[in-house]
Amino acid sequence: MKLGIAFDRLRWEEKALKDEADALGVEASLVDAKGLIFDISKNSGPLIGDAVLQRCISHYRALFLARMLEGQGVNVINPYSVAELCGNKLATTMALSKAGVPTPRTRVALSSEMVEKAAEDLGFPVVLKPFTGSWGRMVHVVRDRPTLQALVELREELPNPIDHMYYVQEYIKRPPRDIRAVVAGDEIVASVYRYAPEGDFRTNVARGGTSKAFDADQSLQEMILKAARVVGGGVLGVDAMESPSGYVVHEVNNTVEFKGAQSAVEWSIPKKVVEYVIGTVRS
Amino acid sequence: MDTKCAECDASIVVPEDAIVGEIVSCKECGAEYEVSEVKNGVAVLKHAEGVEEDWGE
């Protein structure tokens, strides 16, 4: 088997995946997606692997790459359909809700006209999130109507029309931590608490959050694996919170970063990811 | 594998084991570069892409 690890910004994760693939005797190569051209009229392009771990940091590049590789018959992890669902918070929330996975109550306003009504329906404070993107970027806790009005005014100045629609979520009164589970297929490879840095409510490792391993109880394990299955499965980062009424899953990440989780566990997360990929090719 | 920053001309130290795609930054001005080629032990750098709205996990 030839494994391609496609990236557009080389991070620790991609190098660690390559190292583990090498150690497992898998012929693997790191491939810069920015340097690829595909002939989509013939569904052909560079043969970068029988299986490709899609690790692009740009959501749209990841989507397009997955689509074109699948056109060539390549086994892409994760597939286009998973990337599309996870890269759109609206679609993720709808899928989780439909499947009965507890997730925070969420409203979407299709213009600035209705965003205050959406927030009032949920009750302040609310959390305003962008539809695409992560690392807590442009994620804000909005405690009252004047703050919401100010944020909406700023969003309306942004050039991208997607920023003129609003994903408004209930604020979950949780401990100063959330849960990140790294999933590969039917296995939870690691589950960690992520603690927010002082002065921030966001727990993202990219924002300075820190990780501590814990053993997820059975109900949480089942919820995490169900959330992963709902989006189509593969190698995923499932994010959950401890709400007063139980666990809720608020996000599923398609190109999971696991450097933070790796710092909290003794086994190798990238090794388990590569083993999963090998298994998908053999099965 | 030292090279010069195109922005501020400071020296940028590229690790000996750097591979294509790796990001290095200038300690003086913070400019980010991507290793585009390693030829005869010399790293060729290009400007790294800046953070885009669709970047993430």
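The values are calculated or read from the model by the stated rules, or taken from the named source; none is laboratory data. Remember, it's a predicted structure, so these values are computed and weren't measured experimentally. Here the Cβ positions follow ideal geometry from the backbone for every residue, glycine too, while neighbour counts run over all protein chains shown.
Are there helices (runs of 4 or more DSSP H) fully within region A:10-129 with at least 2 residues that are in the same structural domain as A:MET241 (by TED's automatic domain parsing), at pLDDT 95 or above and in contact with a Pro (Cβ under 7 Å, 6 or more places away or on another chain)? List them.
Here the list is empty.
Within region A:158-201, track down each residue that is crowded, with 21+ Cβ neighbours inside 10 Å and assigned to a loop (DSSP other than H, G, I, E, B).
Answer for region A:158-201, where residues must be crowded, with 21+ Cβ neighbours inside 10 Å and assigned to a loop (DSSP other than H, G, I, E, B): just A:GLY185.
How many residues, within region A:85-127, are touching a His at 6+ places or on another chain (Cβ under 8 Å) and over 21 Å from A:GLY237 (Cα atoms)?
Of the residues in region A:85-127, 2 are touching a His at 6+ places or on another chain (Cβ under 8 Å) and over 21 Å from A:GLY237 (Cα atoms).
Does region A:74-82 contain at least one residue that is buried (at least 17 other Cβ atoms within 10 Å of the Cβ), aromatic (Phe, Trp, Tyr) and touching a Lys or Arg at 6+ places or on another chain (Cβ under 6 Å)?
Yes, region A:74-82 contains a residue that is buried (at least 17 other Cβ atoms within 10 Å of the Cβ), aromatic (Phe, Trp, Tyr) and touching a Lys or Arg at 6+ places or on another chain (Cβ under 6 Å).
In the set B:ALA6, B:ALA10, B:ALA43, which member is of a type in the set (Gly, Ala, Ser) and crowded, with 17+ Cβ neighbours inside 10 Å?
Going through B:ALA6, B:ALA10, B:ALA43 in turn, the sole match is B:ALA43.
Any residue at all in region A:1-10 that's more than 10 Å from chain B (Cβ to nearest Cβ) and aromatic (Phe, Trp, Tyr)?
Checked region A:1-10: no residue is more than 10 Å from chain B (Cβ to nearest Cβ) and aromatic (Phe, Trp, Tyr).
Where in chain B are there strands (runs of 3 or more DSSP E), lying fully within it, with 2 or more residues that are more than 14 Å from chain A (Cβ to nearest Cβ), touching an Asp or Glu at 6+ places or on another chain (Cβ under 6 Å) and farther than 22 Å from A:ILE5 by Cα?
B:11-13
Does A:GLU70 fit the bill of being under 23 Å from A:LEU158 (Cα atoms) and either surrounded by fewer than 22 Cβ atoms within 10 Å (Cβ to Cβ) or within 19 Å of the chain's Cα centre (by Cα) (or both)?
no
Among the residues of region A:127-164, write down those that are closer than 19 Å to A:GLY87 by Cβ and away from every other protein chain (no Cβ under 14 Å).
A:VAL127, A:LEU128
Quick grid of which residues meet (1) touching a residue at least 24 places away in the same chain (Cβ under 8 Å); (2) within 23 Å of A:GLU275 (Cβ to Cβ):
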site: A:ARG145; (1), (2): yes, no
site: A:LEU154; (1), (2): no, no
site: A:ASP163; (1), (2): yes, no
site: A:TYR171; (1), (2): yes, no
site: A:ASP186; (1), (2): yes, yes
site: A:PHE201; (1), (2): yes, no
site: A:VAL252; (1), (2): yes, yes
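Does at least one position in region A:3-19 carry a residue that is farther than 20 Å from A:GLU257 by Cβ and of a type in the set (A, V, I, L, M)?
Scanning region A:3-19, I find no residue that is farther than 20 Å from A:GLU257 by Cβ and of a type in the set (A, V, I, L, M), so the answer is no.
Inspect all residues belonging to region A:33-47 and state whether any of them is free of Cβ contacts under 8 Å to residues at least 24 places away in the same chain, among the β-branched types (Val, Ile, Thr) and either out of contact with any Gly (no Cβ under 7 Å at 6 or more places or on another chain) or within 21 Å of B:SER36 (Cβ to Cβ) (or both).
yes
With respect to the numbered conditions (1) touching an Asp or Glu at 6+ places or on another chain (Cβ under 9 Å); (2) more than 14 Å from every other protein chain (Cβ to nearest Cβ), which one is the sole condition not fulfilled by A:GLN169?
(1)
Name the single residue that is modelled with the lowest pLDDT among those in region A:207-227 being surrounded by fewer than 16 Cβ atoms within 10 Å (Cβ to Cβ) and part of a loop (DSSP other than H, G, I, E, B).
A:GLY208
When you scan region A:229-243, do you find a residue that is more than 28 Å from A:SER58 (Cβ to Cβ) and either surrounded by fewer than 22 Cβ atoms within 10 Å (Cβ to Cβ) or within 14 Å of another protein chain (Cβ to nearest Cβ) (or both), even just one?
Looking through region A:229-243, at least one residue is more than 28 Å from A:SER58 (Cβ to Cβ) and either surrounded by fewer than 22 Cβ atoms within 10 Å (Cβ to Cβ) or within 14 Å of another protein chain (Cβ to nearest Cβ) (or both).
Tell me the residue from A:ASN254, A:ASN204 that is closer than 18 Å to A:GLY185 by Cβ and buried (at least 23 other Cβ atoms within 10 Å of the Cβ), please.
The conditions single out A:ASN254.
Are any residues in region A:15-32 touching a Gly at 6+ places or on another chain (Cβ under 8 Å) and within 10 Å of chain B (Cβ to nearest Cβ), and if so, which ones?
A:LEU30, A:VAL31, A:ASP32
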